[in-house]
Every structure is written in structure tokens, then in C-alpha cells.
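Some notes on the structure that comes next.
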Amino acid sequence: MPEWQVTRPRGLEPAQRDALVMEHLPLLKHVVGRMSVPHGMEREDLAGYGMIGLLQAADTWDPERGLKFSTYAYPKIRGAVLDELRRRDALTRNQREMLRDVEVCVRRLSHEHGVAPTPEEIAKEMALDVSEIEEILADARAAHECSLDADSGGEERTSLGALIGDPRCEDPHGSVEFDEQKQLLVEAIQELPEQEKTVITLYWAEGLLLKEIAEIIGVTESRVSQIHSAAIYRLNRRFAQRNGGRA
């Protein structure tokens, strides 16, 4: 019997459980639609893995505990996808070698100049096109999401892992540090290249899926993922500059 097929809480009948799953298919679509898709895989593959998490959530949710089902199901859906991607190790050997080369380049240039290099500087140093660097950053972000060590709080801000993770502040909302970082984020977004600014705005402010953004700006979903990853890299680079290269 699959690991997720466990005894349902008393009072939740099979028909209720099935209705709960059907009702929250949009949640599944939303969670999966905002995740990076590794090379060689399709969005539908991620949806299949996420469905396992949704079914697990429906089987184990206890309404008497007062937690909304959507709140309970979200991490289970995302976790099921990431667990499967970790198991499959979606990146090829060549992709991992390229990631290591970029990591070495980022660390060396950061040490030489005191701040992480831009994607354009990385491309020049490695004799590659900027689009190739953006593709590598997208691979890095997908790998970072799958990493068991995805919390980069202890990493230097000039490491590749820290530079492709979502910018965040550990201080609580309302603190001086949080307010300063929020303002810095707004300013940094305005300084992004136009296409990156559009993608970040649609993704964060409008909450759109990568596929929806692709349709709006007229590129492939894979290209949106690359643009998004490059924008995240630039934003984190700005934070590293502000903090003197430290988290």
C-alpha cells in the first residue's frame, strides 16, 4: 500500500474526501504552476506528483483541529513534488558540471570585486551567451528548490545557492529591518531589465502562474523560468551589495 494511503480521520466519508480533492484541484494547479520545471520533464509530471500530496492531505486532514484544508494541503502538495524530484535527480551530469563551473566563477569574481558578478559578467568570463547563463541559473534554481538544504540562511550571499533563492528577511513584519528590506526590494525591482521586471511583477504582485506569464509576454514557459531566475539572481545581488556581501 502506498505510503500516503493511511486511515482517514473519523467522520470524513470517502465521498467527502473525494469532493475535497476535486474542490482543491485549483490549489494543486497553483502550487505546481509556480514551481520550476527541470529539463526533460513536463508540468503535467509535476502535477501528478502533487496529486499524491493532495490525496495524502485529504486522507490525513482532521477538520476538528480548526486548520483550513488549503493551508494543510499546500505544503503536502509542494513536498510531494520536491520529494519525487529529489528521488529522480532531474539534472543531467552535464547540467551539474555547468552549475559547478558557474558556482566557481561566481565565487572567484565575488572575491575579486567584493560583490557577485552580473549574469552578463559571468557570461563574458565563461565565454557564453547571457541566455545560456540564464538557462543555467534556472537549472540552479530548480536544483535549489529540490535541495534538502534549500534554506540558505547560513550561506554567504555571494554563493550561488543564496543568489538564486527567494529574497527574504528573517526579521518579523513591522521591524525596522523588514521595512528597510521591503523598500530596497521595491527599488531593486525598478532597476531590473524591463522583461525581468515584468515577469517579477506578474509573478509576485499578480500571483500569476509561469504559463500565464508566458502567454502575456509571448515567450515559452521555459523562457519565463529563465527570466525569473535571472531576476531573482539580480535582486539577491543587490541585497548582497547592500549588506557588504553578507546575509
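The values are calculated or read from the model by the stated rules, or taken from the named source; none is laboratory data. Values in this document were obtained by computation on a predicted structure and should not be read as measured data. Please note: Cβ atoms are built from the backbone with ideal geometry, for glycine as well, and neighbour counts cover all protein chains shown.
The conditions are (1) surrounded by fewer than 20 Cβ atoms within 10 Å (Cβ to Cβ); (2) closer than 18 Å to HIS228 by Cβ; (3) in contact with a Pro (Cβ under 8 Å, 6 or more places away or on another chain), and MET41 fails exactly one of them. Which is it?
It is condition (3) that MET41 fails.
Does any residue in the range 87-104 that is surrounded by 12 or more Cβ atoms within 10 Å (Cβ to Cβ) come within less than 6 Å, Cβ to Cβ, of a residue that is aromatic (Phe, Trp, Tyr) six or more places away or on a different chain, and which pairs are these?
none
List the helices (runs of 4 or more DSSP H) inside the range 80-179, counting only whole elements, that have at least 3 residues being modelled with pLDDT of 90 or more and touching a Cys at 6+ places or on another chain (Cβ under 8 Å).
119-126
Residues that are at pLDDT 95 or above and not in a helix (DSSP H, G or I): does the range 200-218 have at least one?
Yes, the range 200-218 has at least one match.
Here is a yes/no grid of residues against (1) surrounded by 16 or more Cβ atoms within 10 Å (Cβ to Cβ); (2) more than 28 Å from TRP204 (Cα to Cα):
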| position | (1), (2) |
| --- | --- |
| SER36 | yes, no |
| ASP59 | yes, yes |
| LEU67 | no, no |
| LYS76 | yes, no |
| ARG108 | no, yes |
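Give all pairs with beta carbons closer than 7 Å in which a residue from the range 109-128 that is at positive phi meets a residue that is modelled with pLDDT under 90; count only pairs at least 6 apart in sequence or on separate chains.
Taking only residues 6 or more apart or on different chains, the pairs are GLY114/GLY245.
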